[in-house]
Structure formats: C-alpha cells, structure tokens
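Notes follow the structure.
The values are calculated or read from the model by the stated rules, or taken from the named source; none is laboratory data. Note that the structure is a prediction, hence the values are computed from the model and not measured. Virtual Cβ from ideal backbone geometry, glycine too; neighbours counted across all protein chains shown. Protein only, heavy atoms only, side chains kept; ligands, DNA and RNA dropped before computing areas. Shrake-Rupley method; radii C 1.70, N 1.55, O 1.52, S 1.80 Å.
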Amino acid sequence: MPNHAKIQFNASGVPVSQAFDDIYFSVDSGIDESQYVFLKHNGIPERWASLPPQYDFVVTETGFGTGLNFLLTWLNFRAHAKHCTRLHFVSIEKYPLSKQQLTQALATLPAVSDVANSLLEQYPATEPGCHRLLFDQGRVVLDLWIGDIEDTLDEWQSCLAERVDAWFLDGFAPAKNPAMWQSALFETMACSAHAHTTFATFTAAGIVKRGLSAAGFNIHKVKGFGRKREMLWGEYPSATIKPSRNQTPVTIIGGGIASACLVQALQQRHIPCRVISQGKADGASGNPQGAVYPLLHAERTPLSRFYLQATSTALSYYAPWRDRYWFATGVMQPAFNSARVERMDKLAACEYSEATVQPLTPEQSSSTANLAIEQPSLLYPEAGWLNPKEMVNGLFAEHAHEWVTDTVKQLEPTQNAWSVVGVKATYSAARVVLAGGHASPALTNQTLKITPVKGQISMVRATTETVGLSKVLCYKGYMVPAQQGEHCIGATFERNQADLDASSSADEANCESLAACAQQRWSDGLTVTGHRVSIRATTPDHQPAAGYLEPQLMLFTGLGSRGLTAAPVLAELLAEQLSGGVVPLTKDARSRVQPQRLMT
C-alpha cells in the first residue's frame, strides 16, 4: 500500500492526523477558516474580475489534505470568474487520504458537496507523481502531486516559473511538520512569482516569516482565524509580468485519438486549430473496443511510473463520456501460466495502491468476471474499456476546429512557418503537430526509430456463457465485454508490417491464443463475425513520442498498443508547451517522451 495518511475522526467528524497530532481543518468551521485565510487574503474572488481573456489563474498549495481549499476555490471560480478564464490548481500531498477516508471527511462539509462529489468520482489512485484531473469541461484543472515536497520542489522550479498567482501555504503547523517549512519552499515560491503573486498562510511562526522575508516577499501579519491569534499574508515585489498565453493557431496532421485529444486540449485553451486527415478514426483508433489501464512492472520502472500518471488523466478525460463511449468495468489479468503467477506475486509485493491493482484468488476471479476463469488474477478496479471510434468522433464533434479532408504527402519548411503539401492542396501553417501514427516520420526530413506493427482484431459472437462477462480480460491478447452481441478479441502482432490485408489465419490465431490462455470450455469454438486491421506505431523503448522535433514542429506518435491510455496526458503536455502553461508529468517522464531520442 502507498503511504496513506494515518488518521482518526474526532467526535465532530473532523479528521485528525496521527502522525502530526493535528487536525485537517478547524473544528469551529473548516470552510470559514479556508475562506478567511486562503481566499480572502489572496484577494479571491475580487482579483478574478480584472483577469484578461484566456488567462490561467494558477494557485499552488502545500498540503492537499481533504481538498477543502481546492473545492472552495473551485466553487468561487464558478461563481465569480469570467467564462473565458481558467483555474489551474497545483497541490502536493505526502500522505494522501484514501478515497474512503476522503469520502468520510468531506461528508461533514455539505456546503461543498456538489464539487466534492465530482472530485471523489475522479480521485486518482494515490501513486507517486503528478495526477492531472480536469473538471467543468477543462475550465478547472487540478494537478495533484503525490510525494515528498522536498523532491517535488525541484519539479516545480521548472514548471511553475513566473506562473503562480497565489500560494496557499497550508499543511500541518511548522512545529509539527518542520520538514515542509524550509528555505527551498520559499525559494521556489520566489522563482514562481511575478508582479501580482500573493501568498497566505494560517501560521505566523518565526521560521516562516524569516524564510519568506529572505526569499524577497513583503509580509503582513494580521488577525488569525478563530482561536488563532495571528496569520501571515503578503506579495512579491517583482516587475516581472506573467507571460501571456500563446494563441498562435496549430495545424494537426492525423485523425485518431491523439489528434482528437489534442483538439480538445487546445480548444479548452481557446487556441484555434485545424486538422488535416484523410478520415476520422481511420487507423487503430477506429477499433470498436479497446482497454484503458496502466502498464505495471514488478519494480516501479520509468515506464510504469509514466503510465500510472497517464491513467489518472485518461480516466478524467473520458469521465464525461461514461456509459456512452467509456465503460469503467475494471480490467483483469488472469495468471494463466507459472510465469504469470510469478509476475502476479511480484506485483502484489510492490505496494501499488489497491485502487491501482488488487490480487484475486481463482474463486474471486470467476465471481468478479461473472465468467469461469478459475485462475488467480490481477484486478485493475478503476480501469475499463473505450469505444475508440465513437470517442474520437465525439471529441471532434464537440470541439470547434477547422477540418480538412486530405492526405498529407510532405512537410516543407518556409520562413517562420511550414508548408503542408497535400494531395488536394498546399497549406501554410505557423505551427504543426504530426499525429499520424506510423506514417508521421515520412513527412519530415528526419529518420526516426518508429516501427509499424500490424494488428488484426477479431469480432466473435457472444455465447450464453460469455455474454455475462463483466470485465475486460487481458491474457496475451484481450477479450472485451460484449457490445451489441459481439466481443472484440485480439490482437495479432506483426512487426514491420504495414499492409491492411485481413486474413482468416489471423482470426484463427486470435481465437487459438484466447483458448490456450483461458483454458475454459467457453473459449473453445467461438464464431468469428468480423475483423479489422490497423497499424500501431511503436518505439524501441516502448515510450511514446510527444514534443518538439524542430522549431514549431511537434511529433505526437509512438503510442503503440496503449494509445487510449497515453493520449490524454500527452495531449495536455503538448497543449501546455504550445500555449506556455503549466506542464503535467514529472520531469523524468517528460524527458523520456521527447522525440529527439528517436533520431538516427
């Protein structure tokens, strides 16, 4: 289990930290204290009336706790901020509450129940890293960092520079949690500051006052809330103006899940975009069903750490489409041989959150899947499956953009722009993102290590036994719960093959693989009713590629077989890089998806 908070609830229902012997919010009124200390003394909501259009108001908090400060800021933003502005809330928590603990804590605060329920629906598995969640159609963004603040401050130095508008210095009191209130925190605050940056904190402790003063802040001591005698607030005396958002239009080449997610991310930032593609969801994103779940290793490798962060954002991205195109059924990995049993035991010992993965006995596997499994399994309880084709079309339909039906043959650099050469016409583009899967490298003058992998899925008729399957099953391939009387199974893996020719032998291979792994009567003699071939784009290190390839040219490909999981967070990353906003993911994860590593 991750390092969840050790808490107890007092007679008033307020959570109390056993580690720090301190309450999470005021016994008198947690809401009133938060409003007084953090909102009022940071000039909220009055400051929002004068924000320019397309402004991202960034709040950074030390100590997420129950999320009360975030929820109150969110409610005030809904009520008072201009619709063309966004709230970006960045917070850190070393000892996160479990979802059950958070639910119990927030039950005592009915005034925030509307937004609290939305937070609980998306509350991530508390794995280390940055978990980006989106609310109110992307108008409110939460970056919840799980980990030690000493490690996270280095991350914030790079992604928050001159971007923070208000600091909420919360967390437990300096006397009880001195490790947080160090000079590195105050120096990071100064690095993040611009001419209008403010801070507020419930404490007036000397170590805090001296640290803020040494970092260059102007400090004001005022009456504290309730029983607290004093508190501090202040501002940073800087002439630096916060950089404005880059609104230069973007041209995206490609019509799959990567392109669709990026269109949403850009439109939520009011950045005009044009999509050029021969069709929508015409590649691997055109499959009828696909699993969304993290890639875990027996050790916390860079790849597994990336996918843990990516999964949180994917589940948040797809949440508005739940039970239409997104189905949070859970995903199971039966241990069908001794090697898989050994892997399962190692994963179970790796202390992943129960919200990430849970071991099941053979009996539990069968009852959980509503189908005879009779093998030990790993259950990913928050995962599920997506209808990629409908999801892609839904995203394109919901977000305004210019659509051009054409096949791009080449990109040619021009002065301060790119010339996009299509079959039908040539288009001028100030900024370009290549999101065309395995075909993307051929459009540039670069040789990139991206390999096409042909995959064929098979549709099989649901039987009286399989129609009740309630979870996605992942063996060597996968089997998805029935949709309109059919299961999607697959897929084949033919490296360096890029033709779209379907074959009965590939259908047979899919069925035989499923039967060999499942070892159950229901997996024998399934009737194939259809198939579909598409091409994955893979990289040597299995990491996707997302970032600048050349000035004003980005690459967004190499998603392999996990594009549905990776695309949302990478779309957020590219949108922030294009606009100049606060990027998601850890520095290590961002560095590992840089396209330059694929140059030969």
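For segment 7-235, the solvent-accessible area works out to 37 Å² per residue, with a probe of 1.4 Å and every protein chain left in place. Here the spin labels are modelled as points 7 Å beyond Cα on the Cα-Cβ line, and at residue 229 and residue 46 they lie 2.8 nm apart.
For segment 65-120 versus segment 315-335, the inter-centroid distance based on Cα atoms is 23 Å. Directionally averaged projected area (segment 126-284, Cα convex hull): 12.5 nm².
Less than 14 Å Cβ to Cβ from residue 581, Lys/Arg counted +1 and Asp/Glu -1: what total charge do the surrounding residues give?
+2
The distance between label points at residue 430 and residue 447 comes to 3.5 nm (points 7 Å beyond Cα on the Cα→Cβ vector). Under the criterion of Cα pairs below 8 Å and six or more residues apart, the relative contact order for segment 7-235 equals 20 percent. Distance from the Cα centre of segment 487-561 to that of segment 141-184, in angstrom? Using only Cα atoms, the two centres lie 42 Å from each other. Above 21 Å, the calculated P(r) of segment 73-164 contains 38 percent of its Cα-Cα pairs. For segment 148-246, what relative contact order do you get, as a whole percent, if you take Cα pairs closer than 8 Å and at least 6 residues apart? 30 percent. Once C-alpha pairs closer than 8 Å and six or more residues apart are averaged by separation and normalised to the residue number of the chain, the relative contact order reads 13 percent. When Rg and the Kirkwood radius Rh are both evaluated on Cα atoms of segment 1-85, their ratio Rg/Rh stands at 1.06. Based on Cα atoms of segment 7-235, Rg over Rh with Rh as the Kirkwood radius reads 0.92.
For the residue pairs 94/476; 40/242; 99/476; 40/209; 99/221; 280/424, alpha carbon separations beyond 25 Å are given by 94/476; 99/476; 99/221.
Set against the labelled values (1) 180; (2) 193; (3) 152, volume of the Cα convex hull per residue in Å³ computed from this structure falls on (3). Computing FRET efficiency as 1/(1 + (r/R0)^6) for residue 337 and residue 463, where r is the C-beta to C-beta distance and R0 is 30 Å, gives about 0.75. Take each peptide in 86-97, 397-408, count the other Cβ atoms within 10 Å of every residue, and average; sorted highest first, the result is 86-97, 397-408. Diffusion coefficient (Stokes-Einstein, Kirkwood radius over C-alpha pairs, 25 °C, 0.890 mPa s) for segment 444-569: 152 µm²/s, rounded to a whole number. When its C-alpha radius of gyration is set against 2.2 N^0.38 Å (N residues), segment 496-563 gives a value of 1.60. Over segment 139-201, one equal point on each Cα, no solvent: what is log10 I(q)/I(0) by the Debye formula at q = 0.22, 0.27 Å⁻¹? So the normalised log intensities work out to -1.04, -1.41.
Do the sum for the chain: with -39,500 (n - 2.57) for every DSSP H run of n ≥ 4, divided by all residues, what is the mean residue ellipticity at 222 nm, to the nearest 500 deg cm²/dmol?
Working: 15 runs with 163 residues, N = 600.
Helix-only estimate at 222 nm: -8000 deg cm²/dmol.
Between residue 300 and residue 22, the distance separating the two model label sites (each 7 Å from Cα on the Cα→Cβ line) works out to 2.3 nm.
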